[in-house]
Structure formats: C-alpha cells, structure tokens
Number of protein chains: 2
Amino acid sequence: MQIGFIGLGNLGTPIAENLLEHHKDLMVYNRTRSKTKPLEEKGAAVCKSIKELASACDVVFTIVSNDAAIEEITNGEDGIAKNLKEDGIHVSMSTILPATSEALFKIHQQYKNHYIACPVAGRPEAAKDKKLNFMISGDDKIISIIKPLLNDAGAINVWEYGKEPGNANVAKLCTNYMIQAALQAMSEGISLAQKSGIDERQWMQMITSTLFNCGIYINYGRLVLEKAFLPAAFSLELGLKDAALIKKQADKTGTAMPLGNLIKQEYQQLFDEGYKDHDWSALALSIK
Amino acid sequence: MQIGFIGLGNLGTPIAENLLEHHKDLMVYNRTRSKTKPLEEKGAAVCKSIKELASACDVVFTIVSNDAAIEEITNGEDGIAKNLKEDGIHVSMSTILPATSEALFKIHQQYKNHYIACPVAGRPEAAKDKKLNFMISGDDKIISIIKPLLNDAGAINVWEYGKEPGNANVAKLCTNYMIQAALQAMSEGISLAQKSGIDERQWMQMITSTLFNCGIYINYGRLVLEKAFLPAAFSLELGLKDAALIKKQADKTGTAMPLGNLIKQEYQQLFDEGYKDHDWSALALSIK
C-alpha cells in the first residue's frame with residue numbers, strides 16, 4: 001500500500017515522521033518546498049506536485065491550515081480527488097467545517113475514490129510521543145482499512161463518530177472550543193488571583209492537583225502563568241480560524257454560544273494587534 | 001479542647017458529622033432548629049443560641065450562606081466574637097469576600113480572640129468521603145492548632161495561603177469561578193455537539209477520558225448531560241451569590257472578567273426565572 005502525506009507544518013511533520021518509521025516509501029508534498037527537508041533527510045520521497053503524489057498513492061493523508069486550503073488541494077484538474085486512483089482513500093486530518101467534509105466526500109464519490117474526515121487532537125510533542133487522539137467518521141470499511149495506519153501515525157486512541165462524513169469534524173470543533181474556553185477561564189482566574197494579592201502559581205498548583213488535574217489545565221496553565229507564547233506550537237492565527245469555524249457552526253445550527261462569541265472577538269482583537277504568530281494560549285493577553 | 005459548629009446546611013452537616021466522630025462532645029447550633037436533628041441523634045449537644053455555643057467553646061467552626069450571615073453571627077452582643085473566650089478561635093469556612101474576612105479578623109482582635117479564614121472546596125459527597133480541600137490563611141500559630149482539626153473534619157488537603165486574613169477567600173473565589181467557567185464551557189460544547197448531530201455523550205466520554213479527564217468535567221459533565229439539577233447539592237442561588245462575590249472582587253481589584261460577568265448575568269436570569277433551588281450546574285439551562 002503506497003502512502004502519501006500532504007502538509008508538513010508543526011503537527012504534520014511529526015505525524016509524517018511517525019508514518020515514515022513504518023512505511024519507508026512514504027511520499028510527501030508541501031507547498032513550501034523547504035518544509036519537506038526533515039522528511040527527505042529521513043528517506044521520504046518528495047513529490048513536486050499534488051498530482052504526482054495523488055496519482056501514485058493508495059492512501060493520501062492531508063493536514064492543512066483551513067477549509068480553503070483543503071478545498072484547493074482536493075478539487076480541480078490537479079487535485080487529489082481527480083488524480084487519486086479508483087478506491088483510493090483521502091484521509092483528511094485538518095480542522096475544518098463539517099460542511100466542507102460533506103462537500104469533499106461528494107467530490108471523491110464522483111471520482112469513485114474515498115474521503116474520510118479524521119481530525120486530530122494533540123500538539124506536536126504529543127505527536128512525537130505517539131499520543132495523538134484521532135476522531136474519525138465515514139464508511140465503516142474504509143475506517144477499518146485506515147485504523148492500523150493511524151496507529152502508525154502516532155495514535156493513542158481513534159474515536160469513531162459514525163457514518164456522516166462531517167461528524168468527526170463536529171467532535172473536533174467542539175473539543176477545540178473546550179480548550180479555548182479553558183484558556184479564557186484560566187486567564188481570568190489567574191488575573192483575579194494576582195490582582196487580589198495571592199500567589200497565582202500556588203493557586204494553579206492547587207487546582208491542577210485537585211479539581212482540575214488534567215492535561216489542559218496543567219500544560220496550558222504553565223504557558224499562561226509563564227506567558228510563554230513564543231514560539232507557538234499552535235498559532236493564534238489558527239486559534240482565530242478555529243474560533244471562526246466554531247461560530248459558523250453555531251450560527252448554522254442555531255446554537256447560542258455567548259462564550260464562543262467572546263473568545264472569537266478576543267482572538268480577532270489580538271490578531272489585529274499583531275499577535276498572530278504567538279501561541280493560541282496568548283488568548284490570555286486579552287485579559288488586562 | 002471544646003469544639004462547636006454553626007451552620008448545618010448541605011455541606012455543614014457532613015463536616016460536623018466528621019468532627020463528631022473524633023470529638024464526642026461537639027456542640028452544634030443552627031438557626032433553623034430542625035436541621036440539628038441528624039447531629040443530635042448521633043450524640044452532639046445542641047445549643048439554643050450562638051452565645052451559649054461560643055461562650056462554651058475553644059474553637060468554633062462556621063459555615064453559612066453569605067457575607068451578611070457570617071457578619072450577623074459574628075458581630076454584636078450575642079455574636080461569636082464577643083462571647084468566645086480569650087484566645088478562642090473562629091474558623092470561618094464560608095465562601096465570602098476577602099474584605100469580609102479582614103473586617104471579621106479585626107473584630108476578633110478587639111476581643112482578644114482569633115479569626116481564621118478557612119473556606120472549603122467539595123460537595124457533600126466529598127465531605128462524606130473525607131476528601132475536602134481546605135484553603136487557610138492567617139496567623140501561623142493558629143493554623144498549626146487548627147490543621148489537625150481539619151483532618152478530623154474530612155480534609156484530604158489543607159492549602160496555606162499566607163498571613164493575610166482574606167487570602168484563603170481569594171483562592172476560594174477564584175476556584176469557584178473556574179468551576180462556573182467550566183460549566184459554561186460544557187453547556188455550550190454539549191449544545192453544539194447535540195445540534196450538530198453527533199452523540200454528545202460519546203463526545204463527553206472522549207474529552208473526559210483524554211484532555212479533560214478531571215473531576216470537574218467528569219462529574220459536572222454527567223449532571224449537565226442528564227440535566228440532573230434536582231435535588232441541588234449546591235444551589236443555583238448560592239452559585240449566583242458566588243458569581244456576585246467574584247464580580248465584586250474583580251471590580252475592586254480592577255480585573256477584567258468578561259466571562260465572569262457573562263456567568264453572573266446568566267445566573268441572575270435563571271434565578272429570576274425561578275431556578276434558585278436547582279443545582280448551580282443548571283447554569284447549562286441558559287444555553288438554549
């Protein structure tokens with residue numbers, strides 16, 4: 001089974017490196033060519049175009065920044081759908097709208113190949129540690145083919161969300177919303193502790209060893225306390241993109257999300273103030 | 001050492017029962033007399049007035065609903081401060097403003113006895129399981145006398161926040177804010193999952209076994225999913241009271257808390273709509 005990987009960003013690179021350990025003939029492509037270097041040095045075959053990669057592969061993984069990017073690389077004469085062989089599989093790991101997955105699923109159907117939404121939760125360190133959580137939805141048979149490859153890619157868990165192509169994307173957006181909400185909460189809580197004159201580190205130590213003793217509060221709590229927002233593991237620009245997707249999905253489904261709206265406004269303001277390259281935990285900077 | 005306990009509500013009762021296991025001569029008082037019944041049946045001595053209890057005790061624990069109630073039972077001719085013996089200790093477990101603790105500390109100083117802020121985190125089940133987290137601040141010597149009694153009262157941990165009388169109250173308000181913020185986040189996240197057509201229970205199962213695998217999300221997540229808001233372990237009325245204290249403290253210290261403000265507004269609206277006796281996790285009902 002020939003495997004390809006498109007999108008060698010902060011998270012894509014360690015996932016592709018994991019796959020390469022199990023699939024020595026991995027083919028890779030990235031729009032910015034220089035980012036293929038680490039993979040090339042480890043033995044991956046670098047393709048010059050998406051068309052070249054897609055036409056040579058049985059399974060193509062993609063992880064790109066946003067809905068426009070995944071549509072661009074999937075659609076059209078030189079896109080994945082047209083060039084992937086019959087019954088080939090496109091595994092789409094990007095965080096995108098469910099509606100985008102539904103549209104891409106249909107395009108692949110037209111070309112008699114397959115699209116599977118498979119967004120991933122985890123920062124680059126989690127990919128290196130092979131502790132990624134994948135959410136997946138779509139055709140059962142295709143999922144059963146893909147699951148072993150996800151283990152190769154660094155999965156600690158694969159969570160199945162049924163047949164609808166966009167379901168896994170819903171799960172991912174909801175999860176990212178929860179992380180953003182926790183960032184907002186920590187920012188305000190830490191600020192109140194500081195300004196009220198107690199040791200905010202001691203307080204965070206208390207809550208993260210009792211009621212909130214879980215990864216999100218422990219790890220992001222440290223970033224917020226230390227204002228360690230550079231370099232970004234996941235950029236504020238991408239955080240804003242996710243907040244905008246969450247708002248779109250909320251509007252489409254008639255879901256009231258006052259906190260979601262607040263977070264989106266804050267990300268937008270920080271983006272406008274020039275913080276786009278900071279980590280998305282820099283949401284804390286909106287609390288003065 | 002003669003010990004007394006004032007305030008036999010949902011949380012006060014199991015804490016007093018814990019103390020009674022170690023201090024057979026425990027004295028208790030509650031404004032509504034009928035609530036002393038469970039303690040009386042287990043052998044506690046019921047006092048007819050605060051004055052009677054305070055004048056007989058070396059250490060008086062109090063846990064009451066709000067700042068006005070703690071001021072009322074502490075101050076005046078018949079209050080704890082005037083009637084407690086010299087060097088007696090008032091251990092104040094209520095969730096109140098730091099400024100209220102500072103004022104009560106001074107009143108006790110006038111009467112040459114002691115006030116210690118010692119708010120407690122934990123629902124009634126946690127008290128029964130002896131897994132309460134106490135936050136404490138004040139004079140070192142007094143704290144060293146009180147700590148063994150807190151173990152008797154059901155502590156799993158005692159967190160010390162320094163000498164300032166109100167510091168422990170700051171830690172408690174910040175902690176309750178974090179719980180309210182997590183409730184708001186879960187409410188919106190679960191609603192978005194539902195309305196987008198995925199199984200919200202499966203999604204909560206995923207996040208509470210991965211990124212959010214901590215008590216607050218696991219236990220309150222269940223309440224929100226099941227809309228199990230009655231009977232209340234901690235009432236929405238008290239949740240609104242806490243949200244109001246958090247806002248007061250934020251305003252006093254110049255802390256921007258947009259999410260804190262949102263939560264207070266939502267609690268106020270639910271209170272006005274008649275939900276005051278529901279659990280404070282009924283904050284979820286504000287998300288339609």
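Residue by residue through region A:239-246, which ³J(HN,Hα) values in whole Hz follow from phi under the Karplus form 6.51 cos²θ - 1.76 cosθ + 1.60 (θ = phi - 60°), with glycine and proline marked x?
Once rounded to whole Hz, the list reads x, 5, 4, 5, 4, 5, 5, 4.
Using helices alone, what [θ] at 222 nm do you get for the protein assembly as shown, with -39,500 (n - 2.57) per DSSP H run of 4 or more residues, divided over all residues and rounded to the nearest 500?
Mean residue ellipticity at 222 nm (helix-derived): -16000 deg cm²/dmol.
With a 4.7 Å Cβ cut-off, tell me which Cys residues in chain A come up empty for a partner.
A:47, A:57, A:118, A:174
Counting Lys and Arg as +1 and Asp and Glu as -1, what is the net charge of the other residues whose Cβ lies under 12 Å from the Cβ of residue B:278?
Working: positive: B:227, B:276; negative: B:237, B:273, B:277, B:279.
My count for the surroundings of residue B:278 gives -2.
So what's the gap between the Cα centers of region A:56-132 and region B:252-288, to the nearest angstrom?
41
May I ask for the accessible area buried between chains A and B, both sides summed, probe 1.4 Å, to the nearest 100 Å²?
Numbers: alone 13680 and 13670 Å², together 22670 Å².
Summing both sides, the interface buries roughly 4700 Å².
Per-residue mean of other chain beta-carbon atoms within 10 angstrom of the beta-carbon, peptide B:182-188? Kindly include the intermediate steps, with their values, before the conclusion.
Numbers: counts 7, 0, 6, 11, 2, 3, 13.
The shielding value for this peptide is 6.
Can you list the copy-to-copy distances for residue B:102, using a point 7 angstrom from Cα toward Cβ, in nanometres, shortest first?
For residue B:102, the other copies' label points sit at 5.7 nm, shortest first.
Can you pull the percent of Cα pairs in region A:1-102 with separation above 19 Å?
Numbers: 1810 of 5151 pairs.
Everything past 19 Å amounts to 35 percent.
Rolling a 1.4 angstrom probe over the protein heavy atoms, how many square angstrom per residue are accessible across the protein assembly as shown?
Working: 22670 Å² over 576 residues.
Ligands and nucleic acids excluded, the figure is 39 Å² per residue.
If amide H atoms are built 1.01 Å from N in the plane of the peptide, which residues on other chains or at least 5 residues away come under 5 Å of the amide H of residue B:211?
Close amide H contacts, sequence-distant or interchain: none at all.
With a 10 Å cut-off between alpha carbons and a GNM built on chain A, which of A:154, A:166, A:215 moves the most?
Per the Cα network of chain A with a 10 Å cutoff, A:215 tops the list.
What nm distances, shortest first, do you get from the label point of residue A:288 to those in the other copies when the point sits 7 angstrom along Cα to Cβ?
3.5
What gaps in nm, shortest first, separate residue B:252 from its twins in the other copies when you place the label 7 Å past Cα toward the beta carbon?
Between copies, matching label points for residue B:252 lie 4.7 nm apart.
Under a 5 Å amide H to amide H cut-off, with H placed in plane at 1.01 Å, what residues pair with residue A:60 once short-range neighbours are removed?
Amide H neighbours of residue A:60: A:4, A:89, A:90, A:91.
Please list, in order along region A:168-179, the HN-Hα scalar couplings obtained from phi with the Karplus expression 6.51 cos²θ - 1.76 cosθ + 1.60 (θ = phi - 60°), rounded to whole Hz, x for Gly and Pro.
With coefficients 6.51, -1.76 and 1.60, one gets 5, 5, 4, 4, 5, 4, 4, 5, 5, 4, 4, 5 Hz.
Report the residue of chain A with the smallest Cβ-to-axis distance, using the rotation axis that brings A onto B, in whole Å.
A:214, 2
With a sphere of radius 15 Å drawn around the Cβ of residue A:260, what net charge do the other residues whose Cβ falls strictly inside it have (Lys, Arg +1; Asp, Glu -1)? Kindly include the intermediate steps, with their values, before the conclusion.
Working: positive: A:172, A:241, A:247, A:248, A:252, A:264, B:195, B:288; negative: A:242, A:251, A:266, B:188, B:266.
Once positives and negatives cancel, what remains is +3.
Taking amide H atoms as placed 1.01 Å from N in the peptide plane, list the residues 5 or more away in sequence, or in a different chain, whose amide H sits under 5 Å from that of residue B:28.
Hits under the 5 Å cutoff: B:5, B:45, B:46, B:47.
Taking 8 Å as the Cα distance limit and 6 or more residues as the minimum spacing, I'd like the relative contact order of region B:1-160 as a percentage. Show your work: numbers first, answer last.
On the way: 316 pairs, mean separation 33.5, N = 160.
Once normalised by length, the contact order is 21 percent.
What number comes out for the charge environment of residue B:12, summing +1 per Lys or Arg and -1 per Asp or Glu over other residues with Cβ under 12 Å away?
Working: positive: B:31, B:35; negative: B:17.
Once all neighbours under 12 Å are counted, the net charge is +1.
Convert each backbone phi in region A:201-217 into a coupling constant with the Karplus relation 6.51 cos²θ - 1.76 cosθ + 1.60 (shift: θ = phi - 60°), then list the ³J(HN,Hα) values in order as whole Hz, x for Gly and Pro.
5, 5, 5, 5, 4, 5, 5, 7, 10, 10, 5, 10, 7, 9, x, 4, 6
Using a Förster radius of 30 Å, what is the FRET efficiency between residue A:201 and residue A:269 based on their Cβ-Cβ separation? Nearest 0.05, please. Present the calculation step by step, with values, prior to reporting the outcome.
Values: r = 27 Å, r/R0 = 0.90.
FRET efficiency, residue A:201 to residue A:269: 0.65.
The values are calculated or read from the model by the stated rules, or taken from the named source; none is laboratory data. All values derive from a computational prediction rather than experimental measurement. Neighbour counts are summed over all protein chains in view; Cβ atoms, including those assigned to glycine, are modelled from backbone coordinates with ideal geometry. SASA here: full protein model, heavy atoms, side chains in, ligands and nucleic acids out. Shrake-Rupley method; radii C 1.70, N 1.55, O 1.52, S 1.80 Å.
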